[in-house]
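This report concerns only the one structure given below.
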Amino acid sequence: GPLAGSAEVVATPADKVRLLERTGAQAVDMESHAVAGAAAAAGLPFLAIRCVADRAQRALPRAVLGGVGPEGRVRVLAVVVGILRSPGELGGVLTLARDSRRALSCLRRVALLAGPRFGL
């Protein structure tokens, strides 16, 4: 389905529902829209394939909100500090970590299957 691009984290189920109602998007993506804009400006075709790690019905744990750097890498120390401040969020952080691993595994499978078709 369609993706919505956002420079801001859409963290709560209520925010995710509002985004769906406003845009019709099935998921929010914080990275691909910037690449899509650059591709459009250069007149190049663009296709985004995403696997979702955080479902709309689940809020992102506050402990992870500052835990991703601008390059998309997890800032482990920031997440650990967030968990120490709110130990009750550990379960949510572990669930998100598991779901993120599953999403990355899905993307790897797609890349292996589709890569040769796109010259990758």
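Protein heavy-atom accessible surface, 1.4 Å probe, per residue over the chain: 71 Å². Other residues with beta-carbon under 11 Å from the beta-carbon of Leu96 carry, at +1 per Lys or Arg and -1 per Asp or Glu, a net charge of +2.
Specify whether the C-alpha gyration tensor of region 1-43 places it in the rounded, prolate or oblate class, a ≥ b ≥ c being the square roots of the eigenvalues: rounded for a/c under 1.5, otherwise prolate if a/b is larger than b/c and oblate if not. Verdict is prolate for region 1-43.
Return the carbon/sulfur percentage of the accessible area of the chain, one whole number, probe 1.4 Å, all protein chains in place.
For the chain, the apolar C and S fraction of the accessible surface comes to 61 percent.
Each residue, Glu8 and Arg50, gets one label point 7 Å from its Cα in the Cβ direction; the gap between the two is 1.7 nm.
When peptides 4-14, 67-77 are ranked by their average number of other Cβ atoms within 10 Å per residue, the highest-first order is 4-14, 67-77. Here is what passes the span test in the chain: the DSSP H helices with alpha carbon length of 20 Å or more along the helix axis and a Kyte-Doolittle mean of -1.0 or above are 90-114.
The values are calculated or read from the model by the stated rules, or taken from the named source; none is laboratory data. As the structure is a prediction and not an experimental result, all values here were calculated from the model. When we count neighbours, we look across all protein chains shown, and the Cβ atoms used for this are built from the backbone with ideal geometry, even at glycine. Surface accessibility is based on the protein's heavy atoms, side chains included, excluding ligands, DNA and RNA. Shrake-Rupley method; radii C 1.70, N 1.55, O 1.52, S 1.80 Å.
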